[in-house]
Amino acid sequence: MEMVNVRSVGARPAFRWFEGEKWLVLTAVLGFLLSAFCGIWTLANGAEVAPGGNVQSAFSFNAAIGIFLLSTALIIPYSGLGRRGRAFYRYPYIALALYSYFAETVQNFRGVNPRFVKDGSAFDKGVGNIFASVALLLVVFYLFLAAQYFRRKVYAAHPELVTGIRYAMVAVMLSFAAGIWISVNQGRTVGLHGNIIWLHGLGFHALQAIPLVAWLSTRTSLSVWVRLRMIHLTGTCYVLGLVFIGWQTMLGHTVLEWSTLTVAAGFCFLLSLAAGALMLRNADGLLRKMQ
């Protein structure tokens, strides 16, 4: 059986955040700029644009895509992809993101819901149909990227960080599934009070939360064994929290409603947060000793 050499205890590799991903970062920045413009417009003129547009939706969408792309650019240097592999992912994803910015922003300003077009022109229906295809391609290309972190040599290079990224990728796939659910459901509402957007949004935030805990663990004096188990605890609890939220939503109940599922979800997220706080405390303690 092939052996994988894991980095020795106490070794702290130099991290290369964003390395080689200038264009993906700039595409993320564009999302923030578009979001800021939509936010200012909403404050000055209101969000609603007759008959079916909502600039506030464009505001939140553009910001979310910007955060998503920036978080992705942050971790790509640890995917193990070579120059061609990264280009294969990067440039199509930038094109898909740019189209998404266009569809969401322009159509809402034109008074059209870009996802669920009602009584729109041929242009509006065309934009909506392409938007649906773009959404599926965003998932497909991200699956390609996610698969890279499950390779043994990638794990061996940065075991803590890659373990965290693996859990984040599972959470992102749950978010993508929620996005497809919204499309099939023709809206985010399920039953009387269920709202799929909670699952959709919280899953993507795993891209920031879990790798952060993994990175903090590498700044501690704890053994690799302890670091990895804390990361497993963080990731497992976060993913389970998402599962409980999704279950609650499927039943048609709001995630703010007291129930066994919401209590279980809250407990899972608190455990995940506690593990992160412990890593932060240990990392801070190490830095103080080094001063």
Can you tell which of L81, L98 is aliphatic (A, V, I, L, M), assigned to a loop (DSSP other than H, G, I, E, B), touching a residue at least 12 places away in the same chain (Cβ under 8 Å) and not assigned by the TED database to the domain that holds R166?
L81
Can you tell me which of (1) open to solvent by less than 70 Å² (accessible area, probe 1.4 Å); (2) within 19 Å of I67 (Cβ to Cβ); (3) at pLDDT below 95 is the one L286 doesn't meet?
(2)
T72 modelled with pLDDT of 95 or more and over 20 Å from the mean Cα position of the chain (by Cα)
no
Has the stretch 74-86 got at least one residue that is farther than 23 Å from I165 by Cβ and charged (D, E, K, R)?
no
So which residues in the stretch 267-283 are open to solvent by less than 30 Å² (accessible area, probe 1.4 Å) and without any contact (Cβ under 8 Å) to a residue 60 or more places away in the chain, if there are any at all?
C268
Residue check: is Q248 under 20 Å from R166 (Cβ atoms) and touching a residue at least 12 places away in the same chain (Cβ under 8 Å)?
no
Before we move on, is A214 in contact (Cβ under 8 Å) with a residue 24 or more places away in the chain, under 29 Å from P77 (Cβ atoms), in contact with an Asp or Glu (Cβ under 6 Å, 6 or more places away or on another chain) and part of a helix (DSSP H, G or I)?
yes
Under the condition of being part of a helix (DSSP H, G or I) and of a type in the set (D, E, K, R), which residue from the stretch 118-176 is most open to solvent (accessible area, probe 1.4 Å)?
K153
Residues that are touching a helix residue (DSSP H, G or I) at 6+ places or on another chain (Cβ under 8 Å), polar (S, T, N, Q) and under 18 Å from R166 (Cα atoms): does the stretch 259-274 have at least one?
yes
How many residues are within 14 Å of S272 (Cα to Cα), among the hydroxyl-bearing types (S, T, Y) and either at pLDDT 95 or above or open to solvent by 10 Å² or more (accessible area, probe 1.4 Å) (or both) when one looks only at the stretch 206-236?
2
Out of (1) assigned by the TED database to the domain that holds R219; (2) more than 12 Å from the chain's Cα centre (by Cα); (3) closer than 26 Å to I196 by Cβ, the odd one out for Y167 is which?
(2)
Might you let me know whether the stretch 55-62 holds any residue that is open to solvent by 60 Å² or more (accessible area, probe 1.4 Å) and of a type in the set (A, V, I, L, M, F, W, C)?
yes
Failed condition for F37, given (1) at pLDDT 95 or above; (2) under 17 Å from the mean Cα position of the chain (by Cα); (3) open to solvent by 30 Å² or more (accessible area, probe 1.4 Å), with all others met?
(2)
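The values are calculated or read from the model by the stated rules, or taken from the named source; none is laboratory data. Not measured: the values here are computed from a predicted model. In this analysis, Cβ positions are derived from the backbone assuming ideal geometry, glycine residues included, and neighbour counts consider all displayed protein chains. Only protein heavy atoms, including side chains, enter the accessible area calculation; ligands, DNA and RNA are left aside. Shrake-Rupley method; radii C 1.70, N 1.55, O 1.52, S 1.80 Å.
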